[in-house]
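*Asks:* Dropping a structure here in structure tokens format, bear with me for questions.
The values are calculated or read from the model by the stated rules, or taken from the named source; none is laboratory data. The structure presented is a predicted model; accordingly, all values stated were derived computationally and were not measured. Note that we place each Cβ from the backbone using ideal geometry, even for glycine, and neighbour counts take in every protein chain shown.
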Amino acid sequence: MKLEDLKVTARLAHLGLSEEDLGSALPAFEQMLDYFAVMQTADGSMAGTTGTADIEAVHSDLVLSVHQCNNNPLTNSANFNSPNNLGNHNDNPLANNTLLNQAGERNGNFIVVPNVL
Amino acid sequence: MSRSVDKDGFPAYVSAWEARIGAFLEIRKPELLSAQGESSLGPGGASGPVKGLPFAVKDNIAVEGFGLTCGSKLLADFRATYTATAVKRLESAGAAVIGKTNMDEFGMGSSTDNSALKRTNNPWDTSRVAGGSSGGSAAAVAAGLVPFALGSDTGGSVRQPAAFCGVVGLKPTYGAVSRFGLVAYASSLESIGVLADSVGRARDVFRIIQGEDPLDQTTVAARVVHGTANQKAGGKKVLAVLDPASLAQAVSAAVRGARGLDAADGGAESAHRDAAEEANLINLLEEEVLAGFSKAVEGYKALGYEVREVSIPSLAYSVPVYYTIATAEASANLARFDGIRYGKRPEWAENPEDLIDKTRAMGFGSEVKLRILLGTFVLRSGFQDRYYLRAQRLRKHITGEFLSLFTGPEAPSALLMPVFPTRAFGRGDRGPALSSFAQKAADIFTCPANLAGLPAIAFPASVEGGLPVGVQLLGAPFTEELLCDIAAEYEADHPIPHPEGYQSFWR
């Protein structure tokens with residue numbers, strides 16, 4: 001992480017930080033980013049949680065667990081985390097493919113949405 | 001429950017405590033409180049559990065006529081022009097707001113020392129922090145200034161101060177309580193919660209504030225699940241317990257893995273060391289917290305519960321996932337504080353861009369700026385995949401593991417966990433004794449409930465070394481009633497402790 005990267009980020013965030021402010025914020029900023037890097041280890045330890053090719057496996061697991069949960073009288077709620085909401089899963093593969101095929105831009109099984117920043 | 005039974009002594013009591021702990025940013029004059037008749041303490045119905053009771057509200061929840069500072073200089077002069085749904089429902093039930101409580105700026109912190117406006121002390125030991133970010137609400141309840149207060153819980157901000165101050169803290173299921181009138185920090189994670197002087201009071205308040213609200217599209221008309229009639233596991237009383245030691249091992253393994261990735265990338269192996277090791281250390285429970293947690297486990301066994309040890313491997317990633325998502329949402333939500341829509345303007349600016357930059361540079365504190373920087377960075381083009389999208393995938397995995405835990409005929413009723421690895425920490429010469437980073441890493445026991453949208457209740461397990469130790473119960477969605485039942489069983493055998501000088505004005 002370079003100070004220059006932080007400067008660009010601060011400008012995007014409209015924080016109006018001086019060079020001195022940025023310099024003093026950098027160590028804490030780097031420390032948090034380093035900690036965020038722990039998430040990379042999930043790529044190895046949680047098969048199916050990373051990469052666009054594996055995302056459907058994650059959704060299947062989730063839908064299964066939520067389905068189990070919804071069948072449970074204790075957790076059964078008409079509105080909370082229905083399978084279709086959790087993971088944006090659609091049981092109809094035809095509808096999924098149609099959506100993907102009609103997307104302006106795609107990345108694997110994802111539709112690319114323009115970056116709002 | 002009844003209203004104040006000794007109003008004559010109440011104003012002096014409030015003044016004396018408030019001078020010591022600084023729980024309130026704004027409070028109606030205590031003299032006014034004692035002079036009020038029942039009718040002026042809220043319209044309410046003929047009766048009800050909160051009728052005639054005063055309550056406090058965290059200063060990021062709108063109450064018309066009161067300030068709404070969020071603990072920030074940027075909003076120091078801002079007054080709310082409407083009232084949050086949760087507050088309105090309590091007022092309709094006959095309760096009355098007596099003041100707004102201190103908090104970490106925009107809810108970002110675990111001590112309330114990040115408030116730009118004042119310092120709040122722990123009623124058990126005024127040299128220590130009250131916890132955060134709802135520290136003012138927790139301190140006010142613990143000192144007996146109010147019987148209950150509202151707070152908000154984004155990553156543990158109701159439960160952690162409740163544990164530090166020895167009161168009950170209820171974080172409802174996401175969507176159970178309207179967020180209309182709550183100043184947004186991380187919208188997909190936060191809930192308005194309750195801090196109260198007993199489990200029963202927390203339940204009463206929750207019953208009043210929960211429910212669908214047309215002003216908040218994320219609320220749901222939940223079917224309230226009642227507890228004792230719904231004991232799971234074939235009618236047996238079963239609690240799952242997350243072994244803190246095995247969780248620390250899982251975190252340690254994840255940290256080692258991150259170091260290995262560094263080396264594989266050709267970078268210095270020590271690149272993550274400082275952050276990782278500090279995170280690792282804080283996840284080891286303080287001796288007194290472990291003692292309190294063990295007492296809770298033994299207490300439930302004595303109450304006839306079968307205690308079943310479980311592991312939730314994905315929890316090792318919960319803090320990085322939580323902070324990635326929370327900071328990303330904060331960077332978007334706090335964009336409105338620009339001096340044009342909201343926020344105190346500088347005296348002079350060259351152009352609108354300069355106005356925004358100056359407003360935010362002057363108004364936000366360092367912790368808020370750091371989180372906005374992090375959130376902006378993880379959403380930046382080129383970094384989204386590595387941070388934000390990865391965090392969202394892991395969040396789904398964590399949610400899935402929790403839902404699986406509470407699924408099936410043999411599933412436990414709730415999961416018993418510590419709340420925070422330490423008791424209320426003290427202050428050094430340069431601020432809180434626990435570093436800002438360590439405070440974040442220590443959210444490992446509280447932020448999972450927010451990531452998964454689950455209800456959780458924190459309550460005192462014991463007093464160790466003169467300070468309260470809290471534990472928490474997590475449950476399946478909309479099982480607040482069941483969690484309250486289980487917590488109340490423990491409370492019946494282990495009454496809520498109080499700091500020295502505490503006096504109860506309510507029954």
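*Asks:* Return the only residue of B:I356, B:I372, B:I444 being in contact with a helix residue (DSSP H, G or I) (Cβ under 8 Å, 6 or more places away or on another chain) and farther than 18 Å from B:E286 by Cα.
*Replies:* Going through B:I356, B:I372, B:I444 in turn, just one is in contact with a helix residue (DSSP H, G or I) (Cβ under 8 Å, 6 or more places away or on another chain) and farther than 18 Å from B:E286 by Cα: B:I372.
*Asks:* Out of the residues in the range B:161-215 meeting the condition of being under 17 Å from B:K58 (Cβ atoms) and within 14 Å of chain A (Cβ to nearest Cβ), tell me which one is nearest to the chain's Cα centre (by Cα).
*Replies:* Among them, the one singled out is B:S191.
*Asks:* Taking B:L415 and the conditions (1) more than 14 Å from chain A (Cβ to nearest Cβ); (2) assigned to a strand (DSSP E or B), which numbered condition does it fall short on, given that it satisfies the others?
*Replies:* So the condition that B:L415 fails would be (1).
The rows are residues; the columns are (1) part of a loop (DSSP other than H, G, I, E, B); (2) over 14 Å from B:G151 (Cβ atoms); (3) among the hydroxyl-bearing types (S, T, Y).
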site: B:T83; (1), (2), (3): yes, yes, yes
site: B:G94; (1), (2), (3): yes, yes, no
site: B:K100; (1), (2), (3): no, no, no
site: B:S111; (1), (2), (3): yes, yes, yes
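*Asks:* Based on this model, can you work out whether B:K232 counts as at pLDDT below 95, more than 12 Å from chain A (Cβ to nearest Cβ) and either in contact with a Leu (Cβ under 9 Å, 6 or more places away or on another chain) or part of a loop (DSSP other than H, G, I, E, B) (or both)?
*Replies:* Criteria not met by B:K232.
*Asks:* Could I ask something else about it? Within the group B:T81, B:T69, which residue is surrounded by 24 or more Cβ atoms within 10 Å (Cβ to Cβ), without any contact (Cβ under 8 Å) to a residue 60 or more places away in the chain and among the polar types (S, T, N, Q)?
*Replies:* After applying the criteria, what remains is B:T69.
*Asks:* In this structure, is B:E91 touching a Gly at 6+ places or on another chain (Cβ under 6 Å) and within 25 Å of B:K344 (Cβ to Cβ)?
*Replies:* no
*Asks:* A further question follows. Check whether at least one residue in the range B:321-344 is part of a loop (DSSP other than H, G, I, E, B), closer than 18 Å to A:A10 by Cα and among the hydrophobic types (A, V, I, L, M, F, W, C), and report yes or no.
*Replies:* No: zero hits.
*Asks:* B:F425 versus (1) over 19 Å from the mean Cα position of the chain (by Cα); (2) at pLDDT 95 or above; (3) not charged (D, E, K, R): which is the lone unmet condition?
*Replies:* (1)
*Asks:* Can you name every residue in the range B:121-139 that is under 14 Å from B:G107 (Cβ atoms) and not in a loop (DSSP other than H, G, I, E, B)?
*Replies:* B:G135, B:G136, B:S137, B:A138
*Asks:* Follow-up. How many residues does the range B:18-47 hold that are out of contact with any strand residue (DSSP E or B) (no Cβ under 7 Å at 6 or more places or on another chain) and either outside the structural domain of B:D125 (by TED's automatic domain parsing) or at pLDDT below 90 (or both)?
*Replies:* 16
*Asks:* Can you go through B:A433, B:A424, B:A449 and tell me which one is away from chain A (no Cβ under 12 Å), surrounded by fewer than 20 Cβ atoms within 10 Å (Cβ to Cβ), closer than 25 Å to A:Q31 by Cα and of a type in the set (A, V, I, L, M)?
*Replies:* That would be B:A433, the only listed residue that is away from chain A (no Cβ under 12 Å), surrounded by fewer than 20 Cβ atoms within 10 Å (Cβ to Cβ), closer than 25 Å to A:Q31 by Cα and of a type in the set (A, V, I, L, M).
*Asks:* Looking at the range B:374-412 only, could you name the residues that are among the polar types (S, T, N, Q), part of a loop (DSSP other than H, G, I, E, B) and under 26 Å from B:E306 (Cβ atoms)?
*Replies:* B:T407, the sole residue that qualifies.
*Asks:* While we're looking at this one, here's another question. Give the residue, chosen from B:F437, B:F459, that is at pLDDT below 95 and of a type in the set (F, W, Y).
*Replies:* Exactly one of B:F437, B:F459 is at pLDDT below 95 and of a type in the set (F, W, Y), namely B:F437.
*Asks:* So which of B:R273, B:R371, B:R360 is within 13 Å of chain A (Cβ to nearest Cβ), out of contact with any Cys (no Cβ under 6 Å at 6 or more places or on another chain), modelled with pLDDT under 95 and part of a helix (DSSP H, G or I)?
*Replies:* Sole residue among the options that is within 13 Å of chain A (Cβ to nearest Cβ), out of contact with any Cys (no Cβ under 6 Å at 6 or more places or on another chain), modelled with pLDDT under 95 and part of a helix (DSSP H, G or I): B:R273.
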